[in-house]
Amino acid sequence: MAEQGSKTSRIRATGRRRRQPGKGRRALTVAAWSAAGVVLVGGCGLGYAYFTLNGNIDSVDINAQLRDDDRPQNVDNGSMDILVLGSDTRSGANGEYGRDEGAARSDTAMILHLYEGHKKASVVSVPRDTIIERPDCTDKTGANVPGRRKAMFNTAYEVGGPACAVKTVEKMSGIRMDHYIEVDFTGFKKLIDELGGVEITTTKPITDRSSRLDLPAGTHTLGGEQALGLVRTRKGVGDGSDLGRIQLQQAFMKAFIEQAKSVGVFTSPKKLWDLADTATKAITPDSELDSVKELADFAGGLKQLGADDVHMITLPVQYDPANLNRVIPLKAQSQQVWAALKADRPIPASATADAAKGQADGVVR
């Protein structure tokens, strides 16, 4: 496996920083890149649309906030790693979901690994309550944020923003993130509504007042509000833990990927425009994906992925004996996960065999 010291100048034409794959190529969250993949590929050559959609995109410059010599080396094997975060900010239109306490946290975190050729992918969900060692960070104002030996994973975003979240994931995994994509509550809802909803089947009722969800058992087409309720719920299913909530999220994401692929955007110019307009407003990408051209090229490498091509796991953890509302990584098993992804290999089943489960597997399908 060849390695190179650091990534060179940004490649504006592709948004990719890894070696070009061969001819065959192709998360709240994976939803962002899936939707962007479907709706942007066909729309980047239209003049007025191009500039209008470009104007929708707010980005964050991760590289400017991180020292290159303090990051993992880039592995030049044709793979790609993307940190996808769902933010729980209550500012602006998100205020209806609770009081704004001045700082958002990462409500959902998924590390998307695209294998060489981009025909297969693995997704590693990191529970927000995972106790980790948070590194020293620099926030968006340039102020230093001291690290902490035992901190919850989602505090990295809270104290240092996207760059600190990326740095924390890179310190945990030893894998350099090629891209960052963020979506908040309101953006997620609008994306689902614009797609026309996502069909799922629940094998038992799910009721959770906190997430405004009341679903009987059966088949449902979830609009944005219900979909958001589903991916946020934790007390209404399983053991009430974040691990169970992740199981619901992963099942929903599989359904979302299939729904996004089935929407007839290329036969309906209005549908293409509406979805592209919503998707570019819904996400906050890194600065190497901050134009329609770059998003389209990036998304073109994802459109071959179907639900069966995406292997989803939760970072191997156990409940913290000192606080059962927290989890701690299983060191040996977690290293199996990171080693497999770094080598661009499938994650072995043994990595998750003895990990804590959320007891919500199979509730949504």
Keeping all protein chains in the complex and leaving out DNA, RNA and ligands, what accessible area do you get for residue 334 with a 1.4 Å probe, in Å² to the nearest 10? 10 Å²
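Can you give the FRET efficiency for residue 235 and residue 304, using 1/(1 + (r/R0)^6), R0 = 25 Å, r = Cβ-Cβ distance, to the nearest 0.05?
Rounded to the nearest 0.05, the efficiency is 0.10.
Compute the length gained on full extension between residue 258 and residue 149: take 0.36 nm times their separation in residues and subtract their Cα-Cα distance, giving the result in nm to one decimal.
Working: separation 109, 0.36 × 109 = 39.24 nm, distance 4.04 nm.
Contour length minus Cα-Cα distance gives 35.2 nm.
According to the Kirkwood expression over distinct Cα-Cα pairs, how big is the hydrodynamic radius of segment 136-236, in Å? All intermediate terms of the calculation are to be shown ahead of the outcome.
Numbers: mean 1/r = 0.0619 Å⁻¹.
The Cα-based Kirkwood calculation yields 16.1 Å.
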Taking every pair of alpha-carbon atoms in segment 104-161, give the share separated by more than 12 Å as a whole percent. 69 percent
Within segment 162-235, DSSP-loop trypsin sites (Lys or Arg not before Pro) with at most 12 other C-beta atoms within 10 Å are 209
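Checking the a/c ratio against 1.5 first, then a/b against b/c, what shape does the Cα gyration tensor give for segment 271-365? Before the final figure, lay out each step's value.
Details: a/c = 2.19, a/b = 1.92, b/c = 1.14.
Prolate, since a/c reaches 1.5 and a/b exceeds b/c.
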Is any residue of segment 314-337 close enough, with backbone N under 18 Å, to a label point placed 7 angstrom from the Cα of residue 361 along the Cα-Cβ axis, and if so, which? 314-319, 330, 333-334, 337
Rounded to one decimal in nm, the spacing of the 7 Å Cα→Cβ label points at residue 76 and residue 219 is 5.1 nm
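Which value, in nm² and rounded to one decimal, describes the direction-averaged projected area of the C-alpha convex hull of segment 181-327? The partial results should precede the final answer.
Values: hull surface 41.2 nm².
Taking a quarter of the hull surface, the average projection is 10.3 nm².
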State in Å² the accessible area per residue of segment 301-348; use a 1.4 Å probe, count heavy atoms of protein chains only, and round to the nearest integer. 50 Å²
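Report, in debye and to the nearest 20, how large the dipole of segment 275-325 comes out about its Cα centre when Lys and Arg carry +1 and Asp and Glu carry -1 on their Cβ. Show your work: numbers first, answer last.
Details: 3 positive and 9 negative charges, 28 e Å.
The calculated dipole for segment 275-325 is roughly 140 debye.
The values are calculated or read from the model by the stated rules, or taken from the named source; none is laboratory data. All values derive from a computational prediction rather than experimental measurement. Don't worry about glycine lacking a Cβ; one is built from the backbone with ideal geometry, like all the others, and counts go over all protein chains shown. For accessibility, only protein heavy atoms count, side chains too; no ligands or nucleic acids. Shrake-Rupley method; radii C 1.70, N 1.55, O 1.52, S 1.80 Å.
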